[in-house]
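The values are calculated or read from the model by the stated rules, or taken from the named source; none is laboratory data. Predicted, not measured: the structure shown is a model, and the values here were computed from it. Neighbour counts run over all protein chains shown; Cβ positions are idealised from the backbone, glycine included.
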Amino acid sequence: MRGRVIAAAVVRNDSVVPQLVRFAAVGAVSNVLYVAVFVLMQPEGRVIANVAGAAASTVLANELHRRLTFHAGERVHWFTAQWEAGGLALVGLMVSTAAVTALEVAAPNTSALASALLVVTVTAVVGGLRFLALRGWVF
């Protein structure tokens with residue numbers, strides 16, 4: 001019973017810690033989609049795979065953040081969330097693309113999974129900064 005109370009508090013509460021927990025959960029789901037798209041698109045090249053994975057996971061993450069993380073579904077329109085949060089994600093995409101490009105130059109025979117793990121790590125750091133910006137600016 002206590003576990004349900006804690007879970008309900010995390011789901012409904014809009015203070016910073018529950019939002020951060022929800023943000024991380026959405027990030028995990030989005031990263032699963034990112035890795036799947038990245039690996040599937042790998043034959044097209046790592047940079048293209050990165051862009052495709054980032055685009056798919058960003059649209060999903062923005063909508064989940066709007067509805068679940070920040071409970072802003074009624075006060076922030078879908079397009080506004082995609083536009084503003086997407087702009088923040090674009091910065092993350094530039095950073096992750098630079099990381100993939102650097103890896104491609106430094107170690108061209110690195111596996112797709114290792115490349116994806118590098119991008120997920122870079123994205124996690126950028127994600128922390130994104131949380132602060134989304135919380136304070138977009139939602």
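Within region 93-114, if we keep just the residues that are part of a helix (DSSP H, G or I) and hydroxyl-bearing (Ser, Thr, Tyr), the residue that is farthest from the chain's Cα centre (by Cα) turns out to be Thr101. Could you check region 123-139 and list, in sequence order, the residues that are at pLDDT 85 or above, surrounded by 15 or more Cβ atoms within 10 Å (Cβ to Cβ) and closer than 18 Å to Tyr34 by Cβ? Listed by number, the residues that qualify are Arg130, Phe131, Leu134. Taking the condition small (Gly, Ala, Ser), surrounded by 13 or more Cβ atoms within 10 Å (Cβ to Cβ) and modelled with pLDDT of 95 or more, does Ala89 pass? No; evaluated as a whole, the condition is false for this residue. Filtering region 60-79 to residues that are within 17 Å of the chain's Cα centre (by Cα) and in a helix (DSSP H, G or I) leaves Leu60, Ala61, Asn62, Glu63, Leu64, His65, Arg66, Arg67, Leu68, Thr69, Trp78.
Being surrounded by 17 or more Cβ atoms within 10 Å (Cβ to Cβ) and aliphatic (A, V, I, L, M): is that true of Ala61 here? Yes. Could you check, for region 49-57, whether at least one of its residues is over 22 Å from Leu113 (Cα atoms), surrounded by 15 or more Cβ atoms within 10 Å (Cβ to Cβ), of a type in the set (A, V, I, L, M, F, W, C) and under 14 Å from the mean Cα position of the chain (by Cα)? Within region 49-57, none of the residues are over 22 Å from Leu113 (Cα atoms), surrounded by 15 or more Cβ atoms within 10 Å (Cβ to Cβ), of a type in the set (A, V, I, L, M, F, W, C) and under 14 Å from the mean Cα position of the chain (by Cα). Here Val26, Val10 are screened, and the one residue that is over 28 Å from Ala106 (Cα atoms), modelled with pLDDT under 95 and among the β-branched types (Val, Ile, Thr) is Val10. Look at region 51-79: where a residue is aromatic (Phe, Trp, Tyr) and a partner is surrounded by fewer than 18 Cβ atoms within 10 Å (Cβ to Cβ) and assigned to a helix (DSSP H, G or I), sitting 6+ places away or on another chain with Cβ atoms under 8 Å, you get Phe70/Arg135; Trp78/Glu63. Contact map, region 14-26: first residue part of a helix (DSSP H, G or I), second residue modelled with pLDDT of 95 or more and hydroxyl-bearing (Ser, Thr, Tyr), Cβ cut-off under 8 Å, separation 6 or more or different chains; pairs are Gln19/Thr69; Arg22/Thr69; Phe23/Thr69; Val26/Thr69.
Checking each residue in region 38-97 for being closer than 17 Å to Leu134 by Cβ and among the β-branched types (Val, Ile, Thr) picks out Thr58, Val59, Thr69, Val76, Thr80, Val91, Val95.
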